[in-house]
Amino acid sequence: MKQVRSQQGEILTKPFLDLCKMILPVLDKFGTSLSPVKSDVGGNINRLSIVYESNPTKFNFLHSVVQPEIEAKTAKSSSSCTNALLWLTRAMDFLIAVFQNMLDHPEWGMSQVCSSAYSKTLKKWHNWLASSSFMVVMKLAPDRKKFVEVIGRGNEDLNIQMKEFCTRFSPFLRENHKFLVRVGMDNL
């Protein structure tokens with residue numbers, strides 16, 4: 001994760017998006033329960049990647065990808081990269097909360113792990129229908145033991161890796177939130 005920041009400390013677009021892409025196979029292990037999250041994460045990564053790839057030098061820093069939209073006052077569009085960054089950040093907050101719940105509550109089943117993470121992160125941004133649907137889908141979360149076996153693949157250090165991921169990735173998300181607040185785009 002050291003490569004996600006420039007020497008000046010700014011978040012680099014491609015390494016950040018590549019790190020987010022690495023989470024997609026983990027989402028597959030949830031089966032259908034998190035397929036909407038996977039779809040949103042993948043779509044948001046793709047939207048940001050397209051702009052980055054159009055001019056990698058100009059859009060080398062993550063927040064520079066959305067700057068033209070902010071200046072043009074098109075950032076609030078549902079198809080904007082600003083919206084993609086906002087929802088990608090929120091989805092990654094959810095996944096960090098899932099991992100943190102797994103670490104903090106080894107006695108919880110995955111349904112409770114995911115429901116608690118959802119309540120802490122995404123629920124306040126969803127309308128009643130989306131929230132109700134998400135809570136129903138959480139009931140389809142896989143058995144925790146099987147899930148851990150599948151994502152850990154015999155790795156005894158899974159908890160250490162989850163903790164390290166949470167600890168090292170969370171600052172990028174906090175920085176994204178601060179940026180989005182500063183430009184008035186945190187409440188879509």
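The values are calculated or read from the model by the stated rules, or taken from the named source; none is laboratory data. The structure displayed is predicted, hence computed values, not measured ones. Please note: Cβ atoms are built from the backbone with ideal geometry, for glycine as well, and neighbour counts cover all protein chains shown. For the accessible areas, the whole protein counts, side chains as well, though only heavy atoms, and no ligand, DNA or RNA atoms are used. Shrake-Rupley method; radii C 1.70, N 1.55, O 1.52, S 1.80 Å.
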**Message:** Filter the stretch 122-138 down to the residues that are open to solvent by 20 Å² or more (accessible area, probe 1.4 Å) and either touching a helix residue (DSSP H, G or I) at 6+ places or on another chain (Cβ under 6 Å) or aromatic (Phe, Trp, Tyr) (or both) and list them by number.
**Reply:** Lys123, Trp125, Trp128, Phe134, Val137
**Asked** In the stretch 94-112, which residue that is under 16 Å from the mean Cα position of the chain (by Cα) and open to solvent by less than 40 Å² (accessible area, probe 1.4 Å) is farthest from Ser35 (Cα to Cα)?
**Response** Asn101
**Message:** Anything in the stretch 122-149 that is touching a Phe, Trp or Tyr at 6+ places or on another chain (Cβ under 8 Å) and closer than 18 Å to Lys163 by Cβ? List them, or say none.
**Reply:** Arg144, Phe147
**Request:** Hey, can you tell me all the residues within the stretch 111-124 that are assigned to a helix (DSSP H, G or I) and either on the phi > 0 side of the Ramachandran plot or without any contact (Cβ under 8 Å) to a residue 40 or more places away in the chain (or both)?
**Result:** Ser111, Gln112, Val113, Ser115, Ser116, Ala117, Tyr118, Ser119, Lys120, Thr121, Lys123, Lys124
**Asked** Just one of Arg90, Arg5 is closer than 30 Å to Asp143 by Cα and either free of Cβ contacts under 8 Å to residues at least 24 places away in the same chain or among the basic types (Lys, Arg) (or both); which is it?
**Response** Arg90
**Fill in**
Considering the stretch 78-87, residues that are among the polar types (S, T, N, Q) and in contact (Cβ under 8 Å) with a residue 24 or more places away in the chain, and then whichever is most open to solvent (accessible area, probe 1.4 Å), we arrive at Ser79
**Request:** Could you name every one of the helices (runs of 4 or more DSSP H) located completely within the stretch 1-104 that has at least 3 residues being within 25 Å of Ala117 (Cα to Cα) and touching a Ser or Thr at 6+ places or on another chain (Cβ under 6 Å)?
**Result:** 81-104
